[in-house]
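Below: one structure, written as structure tokens.
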Amino acid sequence: MEIMDEYKLEVFKDYFDSGEIRRFRELMMYYECAMLEVKTKLDVLNKELSLKKSRNPFENIKCRIKTPESIVEKLIRRGIEFSVDNIEKELNDIAGIRVICSFPDDIYELIDYLLEQDDIRLITIKDYIKNPKPNGYRSVHLIIEVPIFLTDMKKPMRVEVQFRTIAMDFWASLEHKLKYKKNIKKAEDISEQLFYCAELISQLDARMQQIRDKIEMNESEVTEIKEKVSTAEVVKISGTVNENVQI
């Protein structure tokens, strides 16, 4: 696992002794296992729902473990004392999964099915689709707890799962890049334009979902007509057979 590379752990040399660094490596392994557990659950749901609906509820899934540099930066920013115990206790986003869905209602359906599983415990949910951030950001963020099974114990671990549509992810990715550009002139005007784009993207998501619903409704009506025609033909054939038998 890349995060275990020795050079990446140099950032902790000023804060941890060799024993704590060993514990940190172990903790990161726990988070990776928890992340894989949740990813597997989502992959299974994707396969089952794609069979039922003839389409995949999500297009892509990305996983990551927070880098040691990011962990150190967050501990410093939040004024948290450096220790492996505090990393596990205070930080909820060490293990992260991002699920990219086609339509907004796919997001809520996946969330419902995931949270119905009896070994998943919801810690927090933040719905930035129904309540967007001031800059226009939209997504649903879950912090969930899932057990991992090790050789000598069962251990609950927290994982952050973000759900976005393709359009939301497109906006968020570009906004993130633009936000870190230095010496931007008229930054307030650019923020307003990004917010406006976020509103347009939200409308686009809603319109595409309406189009999908119409297509699925038409397909359902065609299927229903075919079934009625097939039933009528069976009845007709059955009647003809009965007449021939009587003759």
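The values are calculated or read from the model by the stated rules, or taken from the named source; none is laboratory data. Computed from a predicted model, the values in this text were never measured in an experiment. Backbone-built Cβ (ideal geometry, glycine too); neighbour counts: all protein chains shown. To get the accessible areas, we keep the full protein, side chains included, count just its heavy atoms, and leave off ligands, DNA and RNA. Shrake-Rupley method; radii C 1.70, N 1.55, O 1.52, S 1.80 Å.
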**OP:** Can you run down the residue pairs with Cβ atoms below 7 Å, 6 or more apart or on separate chains, where the first is in region 148-173 and closer than 23 Å to K66 by Cβ and the partner is open to solvent by 40 Å² or more (accessible area, probe 1.4 Å) and of a type in the set (A, V, I, L, M)?
**Re:** R158/I123
**OP:** Could you tell me which residue of region 162-217 is least open to solvent (accessible area, probe 1.4 Å), considering only residues that are hydroxyl-bearing (S, T, Y) and outside any helix (DSSP H, G or I)?
**Re:** T165
Original post:
Of the residues in region 20-29, how many are surrounded by fewer than 18 Cβ atoms within 10 Å (Cβ to Cβ) and under 14 Å from M157 (Cα atoms)?
Top reply: 3
Original post:
Of the residues E2, E109, E90, E59, which is at pLDDT 95 or above, within 23 Å of the chain's Cα centre (by Cα) and open to solvent by 50 Å² or more (accessible area, probe 1.4 Å)?
Top reply: E90
Subject >> Selected residue (only one of S173, S139 is in contact with a Lys or Arg (Cβ under 6 Å, 6 or more places away or on another chain) and among the polar types (S, T, N, Q)) >> reply: S139
Subject >> In region 93-106, the residues that are open to solvent by 20 Å² or more (accessible area, probe 1.4 Å) and either part of a helix (DSSP H, G or I) or closer than 18 Å to S50 by Cβ (or both) >> reply: S102, F103, P104, D105
Original post:
In region 67-83, which residues are open to solvent by less than 30 Å² (accessible area, probe 1.4 Å) and within 23 Å of V38 (Cα to Cα)?
Top reply: P68, I71
Original post:
Taking interchain pairs and intrachain pairs at least six residues apart, which have beta carbon atoms under 6 angstrom, with the first residue in region 113-140 and hydroxyl-bearing (S, T, Y) and the second part of a strand (DSSP E or B) and buried (at least 16 other Cβ atoms within 10 Å of the Cβ)?
Top reply: T124/I143; S139/Q162; S139/R164
Subject >> Total residues in region 36-83, condition within 13 Å of V99 (Cβ to Cβ), in contact (Cβ under 8 Å) with a residue 60 or more places away in the chain and β-branched (V, I, T) >> reply: 1
Original post:
So is I129 modelled with pLDDT of 95 or more, outside any loop (DSSP other than H, G, I, E, B) and of a type in the set (V, I, T) or not?
Top reply: no
